[in-house]
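Below: one structure in structure tokens.
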Amino acid sequence: MKVKNRHEAGQAIPEVAFAAPVGTPAGLEVISLAELRARARARGTDLGAPQRPGFHHVLTLTSGRLRQRVDFTEYVLDPGAWLWVRPGQVLQWGDLAAAEGILVVFERAFPDAATVEAARVDDPHARVLRAPAGEDAEALRLAAAHLEHEFRTLGRLPLDAHLAVLRRLLDVLILRVAHLEAPGGPVGEPGKTFLRFREAVERDFARTRRVDDYAAALGYSTRTLSRATLDAVGVGAKEFIDRRVVLEAKRLLAHTDLAAARIAAQLGFSSATNFAKYFHQRAGLAPIAFREAVRGRADGVRGI
């Protein structure tokens with residue numbers, strides 16, 4: 001993996017491009033956290049610095065505990081949990097000193113096309129953290145172990161056969177991770193009401209933050225939208241909208257040099273003051289303070 005330096009273009013958080021190590025298949029790498037630590041030390045990489053990988057990260061722990069930040073939200077991993085970071089999301093590694101595990105990184109083009117669809121690989125709203133139990137946990141442990149074993153045995157099969165085996169083993173792993181049960185029940189397809197609302201929010205969050213506007217546009221009551229959103233993602237409709245606005249604000253503050261007033265206008269606020277108040281209430285920091293905090297470590301990224 002290597003970094004594209006985008007600072008000159010106003011990209012404050014470096015973008016990380018996939019680069020297969022010499023002697024390994026293009027598009028996929030399986031690495032232990034011990035190897036990741038050693039690589040970071042050798043290259044002088046600050047893994048805690050924010051970065052935007054252009055490829056998928058699927059991570060599980062075998063021991064210890066790890067706190068990871070994905071799109072500025074902290075997730076706590078314990079052994080057996082699985083974290084999936086998608087391309088374009090902001091990743092900040094936690095302290096790896098007391099954690100061991102396996103990291104699988106892959107480009108979108110590596111899995112089978114049917115798997116990409118069935119596992120919802122391109123879904124930017126998919127859950128980041130999953131915690132399987134029982135037979136699900138054991139099946140995933142075996143899938144990861146088999147994938148790691150095959151990745152490390154390049155040369156025992158013809159290259160085409162080796163790539164085919166790796167592709168199918170990765171398919172198994174990500175399909176199982178994608179369809180793990182959520183806490184309190186199985187994962188189902190989000191309801192039509194929520195999907196329509198989510199699509200509308202993604203399209204119009206910079207135009208309106210009012211649930212009433214979405215309800216009127218979609219032909220639902222505000223109560224119906226809130227119930228559908230609560231059932232799908234565990235928060236009400238207004239909170240869902242606000243979270244999307246704040247995430248976009250954080251991305252703009254972190255990735256660009258736009259002034260807060262320009263960001264406020266881009267997100268549909270009447271003034272920079274209103275934007276600053278809104279952001280502070282939901283993020284706990286003033287916009288510029290957030291930018292300074294996030295950028296404080298961004299220059300430490302050199303790639304891994």
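Could you work out the relative contact order of the range 61-120? I mean the mean sequence separation of Cα pairs under 8 Å and 6+ apart, divided by the number of residues, in percent.
Answer for the range 61-120 is 36 percent.
With a 10 Å radius around each residue's Cβ, average the other Cβ atoms per peptide and rank 101-110, 125-134, highest first.
Going by the mean number of other Cβ atoms within 10 Å, highest first, we get 101-110, 125-134.
Right, another one. Could you give the size of the charge dipole of the range 2-178 about its Cα centre, using +1 on the Cβ of each K and R and -1 on the Cβ of each D and E, expressed in debye and rounded to the nearest 20?
400 debye
So if we plug the beta-carbon distance of Ala34 and Val116 into 1/(1 + (r/R0)^6) with R0 = 45 Å, what FRET efficiency do we get, rounded to 0.05?
Calculated value: 0.90.
Let me make sure I get this right: for the range 34-94, a, b and c are the square roots of the gyration tensor eigenvalues over alpha carbons, sorted descending. Under 1.5 in a/c it's rounded, otherwise prolate if a/b > b/c, else oblate. Which is it?
Because a/c hits 1.5 or more and a/b fails to exceed b/c, the range 34-94 counts as oblate.
Tell me which of Ala200, His255, Leu218 sits at the most positive position along the dipole axis of the range 192-298, charges placed on C-beta atoms (Lys, Arg +1; Asp, Glu -1).
Going by the charge dipole, the pick is His255.
Sticking with the crude label model, points 7 Å out along Cα→Cβ, report the distance from Leu142 to Arg108 in nm, one decimal please.
That separation, rounded to one decimal, is 3.3 nm.
Provide the FRET efficiency to the nearest 0.05 for the Leu157-Ala97 pair, computing r from the beta carbons and using R0 = 45 Å.
The value I calculate is 0.80.
Related question: Using the Cα centre of the chain as origin and beta-carbon charges of +1 (Lys, Arg) and -1 (Asp, Glu), tell me which of Ala20, Leu175, Tyr75 is placed farthest towards the positive end of the dipole.
Result: Tyr75, furthest along the dipole toward the positive end.
Report the FRET efficiency, 1/(1 + (r/R0)^6), for Ala42 and Ala259, where r is their Cβ-Cβ distance and R0 is 51 Å, rounded to 0.05.
Once rounded, the FRET efficiency stands at 0.85.
What size of dipole, in debye to the nearest 20, comes out for the chain about its Cα centre when the only charges are +1 on Lys and Arg C-beta atoms and -1 on Asp and Glu C-beta atoms?
Using Cβ point charges on Lys, Arg, Asp and Glu, the chain gives about 840 debye.
Considering only Leu140, Thr60, Tyr278, whose Cα is most displaced toward the positive end of the charge dipole of the chain, charges sitting on Cβ of Lys, Arg (+1) and Asp, Glu (-1)?
Toward the positive end, the furthest listed residue is Tyr278.
For Thr273 and Arg243 in the same chain, what is the full-extension length gain: residue separation times 0.36 nm, less their Cα-Cα distance, in nm?
So the extension gain works out to 8.9 nm.
Need the C-alpha centroid separation for the range 129-157 versus the range 78-96, integer Å.
Spelled out, the Cα-based centre of one part sits 17 Å from the other.
Classify the range 2-178 from the C-alpha gyration tensor, please: rounded if a/c falls under 1.5, else prolate or oblate depending on whether a/b exceeds b/c.
It is rounded, given that a/c, with a ≥ b ≥ c, falls under 1.5.
What is the order of His57, His280, fewest Cβ neighbours within 10 Å to most?
Ordered from fewest to most neighbouring Cβ atoms within 10 Å, His57, His280 come out as His280, His57.
Okay, moving on. Given the -39500 (n - 2.57) contribution per DSSP H run of 4+ residues, what per-residue ellipticity at 222 nm results for the chain, rounded to the nearest 500 deg cm²/dmol?
-14000 deg cm²/dmol
Let me ask another. Please compute the contact order of the chain in relative form: average sequence separation of alpha-carbon pairs under 8 Å and at least six residues apart, divided by the residue count, as a percent.
This gives 21 percent for the chain.
Express the relative contact order of the range 192-298 as a whole percentage, based on alpha carbon pairs under 8 Å and six or more residues apart in sequence.
It comes to 22 percent, rounded to a whole number.
Between helix 272-283 and the chain, what is the angle of the helix's C-alpha long axis to the longest principal axis, kept within 0 to 90° and rounded to the nearest 10?
50 degrees
Values quoted throughout were computed directly from the atomic coordinates according to the rules given, and no laboratory measurement underlies them. Worth saying up front: this structure is predicted, and the values here are computed from it rather than measured. With ideal geometry, Cβ positions are generated from the backbone for all residues, glycine too; neighbour counts draw on all protein chains shown.
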